[in-house]
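The values are calculated or read from the model by the stated rules, or taken from the named source; none is laboratory data. The structure presented is a predicted model; accordingly, all values stated were derived computationally and were not measured. Here Cβ is always computed from backbone atoms with ideal geometry, including for glycine, and neighbour counts include all displayed protein chains.
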Amino acid sequence: MPEKTQIAGRPPSPPPNTVLCNTDAAWKKETLDAGLAWIFDTSSSPTTMIAPKGCRFQSRVSSALMAEGLAIREALSHARQLGITKIWLRSDSLSLVKAINSISKPMKLYGVLSDIDEIEEDELQDLLDFRCSEEDCRMLEKEVSEEEIRKVLFAMPNNKSPGPDGYPAEFFKSTWSVLAKDFTIAVQSVFNFGFLPKGVNSTILALIPKKLDSLEMKDYRPIACCNVLYKVVSKIVANRLKKLLPRIITESQSAFVKGRLLMENVLLASELVKDYHKDTVSSRCVMKIDISKAFDSVQWMFVLKCLSTLGFPKDTIHWIELFIMSPSFSVQVNGDLAGYFQSSRGLRQGCSLSPYLFVLCMDVLSRKIDRAVAEGKFKFHPGCQKLMITHLCFDDDLMVFVEGSKQSVQGALSVFDEFEKWSGLSISVEKSTIYMAGIPEVEKRSILKNFKFAVGELPVRYLGLPLLTQVMKKQDYAPLLEKLRVAWIDICCTKNEGGLGIRNLREVNRVYGLKLIWRMLVGESLWCKWIRANLLKWRSFWEVNVHMQSGSWMWHKMLKLRSVAKSFYEIVVGNGSCTSFWFDNWSEKGVLFDLLGARGAIDMGVGKNATVEEVLLSGRRRRKHRLEILNDIEQEINNLKIKLPQGEKDVKLWKRDSGYKKDFSTMETWNMLRVKHPPCTWSAGVWFSQTTPKYAFMTWLSVRDRMSTMDRVVKWSRGSDDVCVLCKTSSESRNHLFFACDRSAKVWEFIAKGILGNSYTTDWSELMLIISDKNREKKFLFCIRYAFQAVLYALWRERNKLKHGEKMIPLEILKREIEKGIRNRISLVRKRE
């Protein structure tokens, strides 16, 4: 191969006698001050070369990219004449790399230019083993129907930021009867003609700060706000693409793949770092790797080549190429849009297709890591070799597990260097950390000297949760608890029972523990396989000792939930291959081990780890026992042999409201486990359709008498006066404030008298009976309930203004404002109906 121009990262300081090709004003000044030979400037028109002595080179061309390429080529030519062979270049254009590499005399380039290698399709084909079948291709390219478009549109959540056209999803939903035909034709034309108008793919970039003190561009996350028409088009392709992901993506990736849980990666990582606090463990190492500007750095050609290698049909690839390569961007700055430009790489954060394309790219990295360990570039982390676990991945967050040696760390990281040249995705060294255990100090220092990762200490936060080697203590939960607020125990009841519908954390924790047990019993994820191989060691989950030494604290919590899980779990025997003879509930007599104990295995002559299938097919002779119960079991075995379905698999079931089913329901399991309370009489008057959430919440507080009225404040604040803030005459209680107080009574009379008529009252108890009565006419109930909540909210707001020294709104203006708000709400509800 011909020698290429070498690419290097930016050195600590500019090398002497170096040409600087630069588009950054600060760098320009820095370079001129340093007396360097040449500066390249694309900020002016025409493109300009600047030298300290004022000599200039001008290139008038139609394309900015061409101008940049020509100017740099000219700069390199001048540099060669001056005997300069080192160039400091600030650019990231793939086209420029190719242009520079075509120069006959290679040079040394410094800066932020990325040298993206051409990917040989043979390499990708060898790495990616999945190929789309004819059925898959038909599914991806089937005709887009009006019903499919309608479902995608109406599945979009409301209250989302619109794109540059200003129309949110709610607009198209509410006008569907009028716009359906035109909208459908517009969407279908994209697929039929393979053309996406520039305006449709225009995008607003909203800069979301990553931290409180965001000062630089890297501290912001660019979120794309796309037009609804584009969202529908891309979502249709995304919905089809995600159906294939479970068959394409390796088990180590848990993001955006249906049926995989983020929590399973956390659990498996916790098991693997369990002994990192011990000095006696064998050498091991974990690298928590962050991909720098992950979505924004992906090279488009890499994405398209991955799709081509996987056998995606040409039309689908063309659609995706349109979606990712043709957008134009405007940046939202202080509410205004600035600029209108195109990009040269990256996937938009905010496009529904982007996550699926990104995990396809990351799957190439996963397979390269797995191949590297197979080729001996690094060795397995202890506890990983049986299942050949090398890493865990959630989107762009990776944890790489290797043996604790310099060679293994180097071998693993070399894969990332190769992957960067293919995809443009690189490691963010400043955000990546390394965790080591059992490694001699000399070896540890050598690793840290060669690889500039920060040394981490457990607990490390992986996917937002701490990984610990021991049971979590109060201080470990502190960062999470600080974000919570103390609430009344009543809020953990359902709304019908007088609460807020927020679930009790103890009950929720048990439900999620049961869900993990269910997934461990039926799942085939990496975590499930690791548990069976390393903790159960192919024994029954119901058999292992709860006090076993191995396993993390979370595993021991699962073991303690077995008695609860047994009441929900059932297995229907098919061929018996997955049914434990002793520990599963397959017999009419129940779990045989619970019935006969350890002695039963000896009396029956059946091993503790035997499955029902092994007992039925073993050819064992029926025994005669002294105990009648053993003879009954022998008879049951014989009966099962006769009716045993041939070839049918065992079916594992979980208890649901309507009986035992093949899948787990978090809601139904929680409802069966939770402590139930009697229903309250007033919930319908508080939580009704089309209410305003903040009104409903404040009404809930008032009904439970938990507002900070002065009669309650004096109980915990010495020296406080319980006098009403509004009228200054009576004690301020809930019943007085709503609506016995003179000011509040006038407001309530103005709003409610016309609605209630002869039933008008200011008594709290009577009003509660009225708004809770489900037998009244529907329109009347909505009007009085909403009026009740709106007046409550407005009066409490006015009361607080006066309490804190602000001026209240004049009474007549307050009445009109409340009335206007109620009328607007009623008008909106009518339109929705």
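Values for this structure:
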{"quantity": "Close pairs from region 586-599: first surrounded by fewer than 16 Cβ atoms within 10 Å (Cβ to Cβ), partner of a type in the set (Phe, Trp, Tyr), Cβ under 9 Å, at least 6 apart", "calculated": "594/583"}
{"quantity": "Region 699-744 - residue that is surrounded by fewer than 20 Cβ atoms within 10 Å (Cβ to Cβ) and of a type in the set (S, T, N, Q) and, of those, farthest from residue 814 (Cα to Cα)", "calculated": "717"}
{"quantity": "Cβ-Cβ under 9 Å pairs, at least 6 apart or on other chains, region 531-550 side within 19 Å of residue 267 (Cα to Cα), far side surrounded by fewer than 18 Cβ atoms within 10 Å (Cβ to Cβ) and among the small types (Gly, Ala, Ser)", "calculated": "534/550; 535/550"}
{"quantity": "Failed item, numbered, when residue 270 is tested on (1) in contact with a Phe, Trp or Tyr (Cβ under 6 Å, 6 or more places away or on another chain); (2) in a helix (DSSP H, G or I); (3) of a type in the set (Gly, Ala, Ser)", "calculated": "(1)"}
{"quantity": "Filter result (assigned to a loop (DSSP other than H, G, I, E, B), farther than 19 Å from residue 351 by Cβ and not aromatic (Phe, Trp, Tyr)) within region 121-157", "calculated": "128, 129, 131, 132, 133, 142, 143, 145"}
{"quantity": "Filter result for residue 99 (at pLDDT 50 or above and either of a type outside the set (Asp, Glu) or in contact with a Ser or Thr (Cβ under 6 Å, 6 or more places away or on another chain) (or both))", "calculated": "no"}
{"quantity": "1 or more residues crowded, with 19+ Cβ neighbours inside 10 Å and modelled with pLDDT of 90 or more: qualifying helices (runs of 4 or more DSSP H) within region 277-372", "calculated": "300-309, 314-325"}
{"quantity": "Counted residues, region 385-409 - those being farther than 25 Å from residue 299 by Cβ and either without any contact (Cβ under 8 Å) to a residue 60 or more places away in the chain or surrounded by fewer than 20 Cβ atoms within 10 Å (Cβ to Cβ) (or both)", "calculated": "7"}
{"quantity": "Count - residues of region 548-590 that are within 21 Å of residue 655 (Cα to Cα) and polar (S, T, N, Q)", "calculated": "6"}
{"quantity": "Hits in region 548-567 (condition: more than 20 Å from residue 584 (Cα to Cα) and part of a loop (DSSP other than H, G, I, E, B))", "calculated": "548, 549, 550, 551, 552"}
{"quantity": "Yes/no for residue 637 being surrounded by 14 or more Cβ atoms within 10 Å (Cβ to Cβ), more than 31 Å from the chain's Cα centre (by Cα), β-branched (Val, Ile, Thr) and under 16 Å from residue 586 (Cα atoms)", "calculated": "yes"}
{"quantity": "Filtered residue count, region 163-210, keeping only those that are in a helix (DSSP H, G or I) and either more than 30 Å from the chain's Cα centre (by Cα) or of a type outside the set (Asp, Glu) (or both)", "calculated": "23"}
{"quantity": "Residue, nearest to the chain's Cα centre (by Cα), within region 437-468, restricted to residues that are assigned to a loop (DSSP other than H, G, I, E, B) and at pLDDT below 60", "calculated": "463"}
{"quantity": "Residue among 738, 788 that alone is within 30 Å of residue 498 (Cβ to Cβ) and at pLDDT 95 or above", "calculated": "788"}
{"quantity": "Residue within region 188-201 that is buried (at least 19 other Cβ atoms within 10 Å of the Cβ), modelled with pLDDT under 95, under 24 Å from residue 297 (Cβ atoms) and of a type outside the set (A, V, I, L, M) present", "calculated": "yes"}
{"quantity": "Residue ranges of helices (runs of 4 or more DSSP H) in region 652-737 with at least 3 members within 30 Å of residue 579 (Cβ to Cβ)", "calculated": "666-673"}
{"quantity": "Top-ranked residue in region 793-810 [being of a type outside the set (A, V, I, L, M, F, W, C) and closer than 16 Å to residue 733 by Cβ; ranked as modelled with the lowest pLDDT]", "calculated": "803"}
{"quantity": "Every pair of residues 6+ apart whose Cβ atoms lie under 7 Å, when the first sits in region 205-220 and is assigned by TED's automatic domain parsing to the domain that holds residue 350 while the second is part of a helix (DSSP H, G or I) and acidic (Asp, Glu)", "calculated": "209/219; 210/219; 211/219"}
{"quantity": "Test: residue in region 175-183 that is surrounded by fewer than 17 Cβ atoms within 10 Å (Cβ to Cβ), touching a Leu at 6+ places or on another chain (Cβ under 9 Å), in contact (Cβ under 8 Å) with a residue 60 or more places away in the chain and in the same structural domain as residue 326 (by TED's automatic domain parsing)", "calculated": "no"}
{"quantity": "In region 741-777, the residues that are without any contact (Cβ under 8 Å) to a residue 40 or more places away in the chain, within 20 Å of residue 724 (Cβ to Cβ) and assigned to a helix (DSSP H, G or I)", "calculated": "742, 745, 749, 764, 765, 767"}
{"quantity": "Index of the failed condition, residue 764 passing every other in (1) closer than 22 Å to residue 826 by Cα; (2) surrounded by 15 or more Cβ atoms within 10 Å (Cβ to Cβ)", "calculated": "(1)"}
{"quantity": "Candidates 788, 780, filtered to the one that is surrounded by fewer than 16 Cβ atoms within 10 Å (Cβ to Cβ) and aromatic (Phe, Trp, Tyr)", "calculated": "780"}
